[in-house]
Each structure stands twice: as C-alpha cells, then as structure tokens.
Amino acid sequence: MSDLSASPCPEAATSQTQDKVIQLRVEVDTAVPLIAWLASQQQYPRVYWQGRDKKQEVAAVGCAKDFLFQDNIDDERLAEIYQSQKALSTDPSIRYYGGIAFDRSIESWPEFGRARFILPRIELRRSSELFSLMLNLNFADNDATTELQQATDALKQLMPPRPLVPPYKVGLMARHDKPAYPRWEELVRQVTDPEFNQTVPKVVLSRVSQLEVNEVMDPWMVLACWQGRNQNSFQFGFQFSPDRAFISCSPERLFQRQDRELHTEALAGTTVRGLNQDEDEMLANQLLDDSKNSHENQLVREHIVDVLGPLSEKVDADDTPKIFKLTHIQHLHRDIRAQLNPGVNDFQLLLALHPTPAVGGLPRQEAMHFIRGQEGYLRGWYAGACGYLNKYESEFSVAIRSALLEPGRINLYAGAGIVAGSDPRAEWQELENKLATIISILIDF
Ligand SMILES: C=C(O[C@@H]1C=C(C(=O)O)C=C[C@H]1O)C(=O)O
Ligand SMILES: [Mg+2]
C-alpha cells in the first residue's frame, strides 16, 4: 500500500493517457478480510459487494465522483450521463457502484435517492485469490493538484482491518410491522379478487418489520454474520454516512453482462427447508408440483423473455424450473440467457428488466400503481437494483432480503408474490420465513 501512496504525482497520472478518469492499481500480497477492513475505515461512502459465485469481492471507500438523484430522475438523462461518464476513460477496470430505488417515480430514502452511483476513491478488490488496491482519480471535475491532494489524503486515512466483534444479539424493545396482519389480509384479498386478478395476475406485496433496538449495531458486522449463514447469495452494502446503512444478502440476480452476453433468471416461488434430507426433498418436490408457485415463477420467466426480445439477437430460457436452496427456504429458479444486440447499454437493460414481476408484478405499471397506493410504507431501495457497471461487464442484484440500519432501529424487508390461489396467512408466513436467517442473527429466541 505504501507503493501506491508514493506514486500519485501529476506527471505519472496524466502523461500516459488522455483519459480524464484514471485508475492506479497495486497488487496486495496478503489476503485481507474485506468486510473487516471496510468496518475499520472512517471514510464515507463505504460500499461492499460480493458476487453470488464468490469470485469477486470489493470493499470501497470515499468517492471520486458521485451521481445522486434525490428529487426526480429522468431515465433517459440517467443513461446519457452514464454514456458521457464512460467516455472519460478507456480503462476496462473502472467501475461505478450504486443502485436504483424500487419505484423511481416517487420519493426515496434520503442519501440513497431514487438512484445513486459512485466512482469510489479507493477500492480493495479480491478477484479469486488475488487482492489489489485501486485508487480512482477524476480529472474531469478537479484540477490535477486538488484531485491528487484529495486522493493522497484519502490514502493517508486508510486504517488496517480490525477483527470484527463476534456476533451478539440485540436487545429488542419493540417490533412494528407495516402493513400489520389485518391490512395484509385485506390487500391479499384485493389482489386475489377474480375481477382484479384477471387484469393484474400478480402483485408482489411486501412489509417492513421495524425492530426498535437499544444498541448501536455495526452494519458490517451484521453483514459479515449474514454472509456466513447464507452462502448462496449476493452480499452487498451501501453506507453513505455514519447513521444509515443498507445491507442485503440477496439470492436474486437481476443481470450479469459480459460484453454482449447476458445472464438473468426467474427466481420466484418459495417453500421452507426440511429438518432432514428426506423432508427437504419432499418439500422441494411439492414446490415443483405446486400450481400457485409454478405460476409465480412462470409469469416472471415470460415477462423477462418478452422484454429482452427487442434488445437481443437471441433469448433462451429454461422450460422447467429447478430448486434453488438457501439456509431457511428454497425457491423455484429458471436460468435465462440472451445475446444482446450490438450497442445495448446497461441502463437500457436496467430499465427494461427492473422491476421484474419477481418483486413488482404484472402488468408492471398496474402492479406498481397498486403497491404505490396501497402498501402504506416507502420501499426506497428495498427491491431496487444494486450492483456495478463498467464498459465490458456489469452485474446487478435485486435488493431483497435486505435491511436498513438506522440509530435505534433496524428495518427488515420481505415480500411475497400474490397470485390467484394465494392465501393471506400462508403468504404472511412466507414473509416470516424469508426473514428467518437475519432474525436468527439479530435476536435471541
Ligand atoms: C420479494 C421477495 O422475494 C421474491 C418473492 C418470492 C415469492 O413470493 O415466492 C420469491 C423470491 C423473490 O422473487 C422478498 O424476499 O422480499
Ligand atoms: Mg411466493
């Protein structure tokens, strides 16, 4: 790391290239526990990302460029801004990390905004077994001296990783569910009403469970524990200031793109895990045979294939679902692959795919309208899309199985796809099952 802090000088940074956005990299020859490293840093924003396949892991601090859309956002403008930002560098390693809210047409959480993407100041990345430290420099907005001064200051503030305190349970003072069960029942009845259901076959209803706690939780410690108990998931977190952090351990991929090759999926339909292998197998078979759950998944597959059609040379989706197992629950899962048309960009993909009927509903606009008007709380980044973009590859996860940590309160989010045949009690229990892993980490019971 000392190599890097010695190297940024205006000549080195600007003479070799015409690029306005530059990344300096050094290999780090020891393995670094990335979440522990991130937790010990004092700079904001702090960002963490680990892909579901575990090949890529990133901890990032500070920012060299910040795009925050707090009040309103025009999707086309967002795509234009990204295109011009992308043109500032030829380096394929430069990445922008961030997310978009579930519903960009309404207010979102402060700081997170309807969309926010950053070019971090410093990134520590693990790629398989290799660790490297990156310093991003943005000469498009600052003169060279100021930018290098800020970058050097950020490097000087880096702290070594401190071991994370072993897991502990929080003192729970109260829990409030929004909507509470009586309202939930009403909403499920409205969505399953045959007349409504005929034109809107699926609405994913959700709930926030607000836990009032009397301790300050380190979000990174919580994420590290969650990661330990849910291997088969993306793990990510965004903390733009000391008081609020959004963390997620989501099984769901929105898309992964490598050049023009796209991977996405339909993940919908849920049951619990069995207490032993036989029971687990039986539950999996029941899930595969269940018509309500199959319908939930089928609607997602159909919609994704439809929206990808005009953007792709070829789309290919699994005909039958497979089982996707998590610690406490199992889902139905279908792989979907596409070869994109030349020139299709990541924002086009984000806007076309998100929100899928796995978290919104079908038809999208009608389902969103129902959620906006009836759900009774602000989803913000829950069920939004979080990930990173770069020229040649990008990846986004759907921000479910997520939590917003604030002083004195932990907000936990869970949703369930409501279709014909949904029973309010069973769907309420499904929400509870989806929270089982995080609740087992946070609370003694
Ligand atoms: C909306 C959520 O999950 C979604 C709903 C599912 C379902 O109803 O079966 C399954 C996976 C996700 O598509 C959530 O976990 O919050
Ligand atoms: Mg379901």
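Observations
- Count - residues of the stretch 277-302 that are away from ligand 2 (no atom under 16 Å from the Cβ) and either closer than 21 Å to Ile336 by Cα or of a type in the set (Asp, Glu) (or both): 5
- Considering the stretch 246-272, the residues that are of a type in the set (Gly, Ala, Ser) and surrounded by 24 or more Cβ atoms within 10 Å (Cβ to Cβ) include one that is farthest from ligand 1 (Cβ to nearest atom), namely Ser248.
- Some residue of the stretch 59-75 being surrounded by fewer than 22 Cβ atoms within 10 Å (Cβ to Cβ), modelled with pLDDT under 95 and part of a helix (DSSP H, G or I): yes
- Pair list, Cβ under 9 Å, 6 or more apart: the stretch 337-361 residue β-branched (Val, Ile, Thr), other residue assigned to a loop (DSSP other than H, G, I, E, B) and more than 16 Å from ligand 1 (Cβ to nearest atom): Val344/Arg260
- Qualifying residue in the stretch 307-318 (condition: away from ligand 1 (no atom under 16 Å from the Cβ), modelled with pLDDT of 95 or more and among the basic types (Lys, Arg)): yes
- Filter result for Ala79 (surrounded by fewer than 17 Cβ atoms within 10 Å (Cβ to Cβ), hydrophobic (A, V, I, L, M, F, W, C) and either touching a residue at least 24 places away in the same chain (Cβ under 8 Å) or not assigned by TED's automatic domain parsing to the domain that holds Leu148 (or both)): yes
- Those residues of the stretch 256-276 which are within 16 Å of ligand 2 (Cβ to nearest atom), in a strand (DSSP E or B), of a type outside the set (Gly, Ala, Ser) and in contact with a Lys or Arg (Cβ under 9 Å, 6 or more places away or on another chain), in sequence order: Glu265, Leu267, Thr270
- Residue within the stretch 32-46 that is under 19 Å from the mean Cα position of the chain (by Cα), in a loop (DSSP other than H, G, I, E, B) and closer than 21 Å to Asn136 by Cβ present: yes
- Annotation for the stretch 39-46: no member residue is at pLDDT below 95, in the same structural domain as Leu119 (by TED's automatic domain parsing) and basic (Lys, Arg).
- Only residues that are within 12 Å of ligand 1 (Cβ to nearest atom) and either not polar (S, T, N, Q) or not assigned by TED's automatic domain parsing to the domain that holds Ser402 (or both) were counted across the stretch 417-427, and they come to 5.
- Checking each residue in the stretch 416-432 for being touching a Lys or Arg at 6+ places or on another chain (Cβ under 9 Å), under 19 Å from Gln210 (Cβ atoms) and more than 9 Å from ligand 2 (Cβ to nearest atom) picks out Trp428, Leu431.
- Pairs with Cβ under 8 Å, 6+ apart, first in the stretch 314-326 and farther than 10 Å from Gln298 by Cα and assigned by TED's automatic domain parsing to the domain that holds Val344, second in a loop (DSSP other than H, G, I, E, B) and modelled with pLDDT under 95: Phe324/Asn232; Lys325/Asn232; Leu326/Asn230; Leu326/Asn232
- Single unsatisfied condition, Arg162 versus (1) among the basic types (Lys, Arg); (2) more than 20 Å from Ile438 (Cβ to Cβ); (3) in the same structural domain as Leu431 (by TED's automatic domain parsing): (3)
The values are calculated or read from the model by the stated rules, or taken from the named source; none is laboratory data. Predicted model, so just to flag it, every value in this text is computed and none were measured. Glycine gets a Cβ as well: all are built from the backbone with ideal geometry, and neighbour counts include every protein chain shown.
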